[in-house]
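The values are calculated or read from the model by the stated rules, or taken from the named source; none is laboratory data. No experiment lies behind these values; they were computed from the predicted model shown. Glycine also receives a Cβ, built like all others from the backbone with ideal geometry; neighbour counts cover every protein chain displayed. Accessible surface areas use protein heavy atoms only, side chains included; no ligands, DNA or RNA. Shrake-Rupley method; radii C 1.70, N 1.55, O 1.52, S 1.80 Å.
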Amino acid sequence: MSDGDDTLLDRPIWSALTTRQKHLAEGGPRALRYPQDMTPFADMVDMSAASFAALGELMSASQVAALFTPDPVDVPAGFKVVLAETGEQMIGSPADSPLRDVEIVTLGAADVPAMMALTALTKPGPFALRTHELGTFLGIRAGGELVAMTGERMKPGKFVEMTAVCVHPDYRGRGYAQALLAAVARRIEARGEIPFLHVFSSNASAIALYQRQGMRIRRRLHVTALMKQE
């Protein structure tokens with residue numbers, strides 16, 4: 001399997017943690033996860049009882065493991081499901097969407113409090129204290145406040161996931177999400193890599209936006225968040 005083989009995207013978390021982000025992987029041959037202060041994402045080599053046991057050994061009672069899988073997860077005893085949804089995996093090159101009189105800036109460690117506040121308000125998906133370390137994050141500020149953001153997260157092989165596409169409610173409808181998505185994609189493509197993203201199947205407006213920008217649905221994945229049964 002080559003790094004450019006898009007079958008890597010069928011199990012994006014496992015693929016990322018066994019290719020370009022293996023230096024971040026916690027666990028062993030049966031179960032892997034990212035550091036919890038980066039993202040709750042985890043996966044297993046298969047859905048066997050032994051693999052679930054290995055996943056459980058990585059988790060404390062309060063921690064969540066979020067899986068992205070091609071098929072529904074049959075959760076064994078010892079775990080409880082806290083989320084079970086489907087998501088669309090979209091791939092492609094979002095069209096450029098320039099903005100007038102708006103500066104797109106690179107975000108870093110000093111911006112983490114503002115990034116956490118924006119994601120807490122807009123809820124684009126899990127965002128933790130070290131999520132920004134997974135890749136480049138770009139933002140737009142207005143009046144000294146961070147009002148829009150997008151960045152990079154999973155990196156399976158030659159593919160880079162775009163994530164945390166969020167805009168403050170007071171600044172929606174100005175094209176900020178489209179502009180940031182395109183800007184992040186251009187950076188990914190400049191490195192010879194391929195952008196993709198995930199969006200819940202129920203989020204029809206976001207799916208339509210990404211399709212208008214030129215992205216296509218590659219496949220549907222099952223998103224399952226688990227905790228250990230007390």
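Tell me, yes or no, whether the range 34-49 has at least one residue that is among the polar types (S, T, N, Q), closer than 24 Å to E152 by Cβ and open to solvent by less than 10 Å² (accessible area, probe 1.4 Å).
yes
Okay, residues lined up against (1) of a type in the set (F, W, Y); (2) within 24 Å of R33 (Cα to Cα); (3) surrounded by fewer than 19 Cβ atoms within 10 Å (Cβ to Cβ):
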position: L121; (1), (2), (3): no, no, yes
position: R130; (1), (2), (3): no, yes, yes
position: E152; (1), (2), (3): no, yes, no
position: V160; (1), (2), (3): no, yes, no
position: A179; (1), (2), (3): no, no, no
position: V199; (1), (2), (3): no, yes, no
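What number of residues within the range 184-210 are under 23 Å from E103 (Cα atoms) and either assigned to a strand (DSSP E or B) or modelled with pLDDT of 95 or more (or both)?
9
Residue by residue through the range 96-115, note down the ones that are under 30 Å from R220 (Cα atoms) and under 20 Å from the mean Cα position of the chain (by Cα).
If the condition is that a residue be under 30 Å from R220 (Cα atoms) and under 20 Å from the mean Cα position of the chain (by Cα), then M115 is the only one that fits.
Report, by residue number, each residue of the range 116-148 that is part of a strand (DSSP E or B) and either within 13 Å of the chain's Cα centre (by Cα) or within 23 Å of S201 (Cβ to Cβ) (or both). Before you say what the answer is, go through the steps one by one.
So the first thing to find is which residues in the range 116-148 are part of a strand (DSSP E or B), and the list is 137-142, 145-148.
Across the range 116-148, the qualifying residue is only F137.
If you take the residues in the range 66-94 that are over 18 Å from the mean Cα position of the chain (by Cα) and open to solvent by less than 50 Å² (accessible area, probe 1.4 Å), which one is farthest from Q211 (Cα to Cα)?
Here the answer is G78.
Out of (1) crowded, with 17+ Cβ neighbours inside 10 Å; (2) part of a strand (DSSP E or B), the odd one out for H222 is which?
Exception for H222: condition (1).
What strands (runs of 3 or more DSSP E), lying completely within the range 24-83, carry at least 3 residues that are in contact with a Leu (Cβ under 8 Å, 6 or more places away or on another chain) and closer than 12 Å to A225 by Cβ?
Numbers: elements: 31-33, 42-44, 65-69.
Of the strands (runs of 3 or more DSSP E) lying wholly inside the range 24-83, those with at least 3 residues that are in contact with a Leu (Cβ under 8 Å, 6 or more places away or on another chain) and closer than 12 Å to A225 by Cβ span 65-69.
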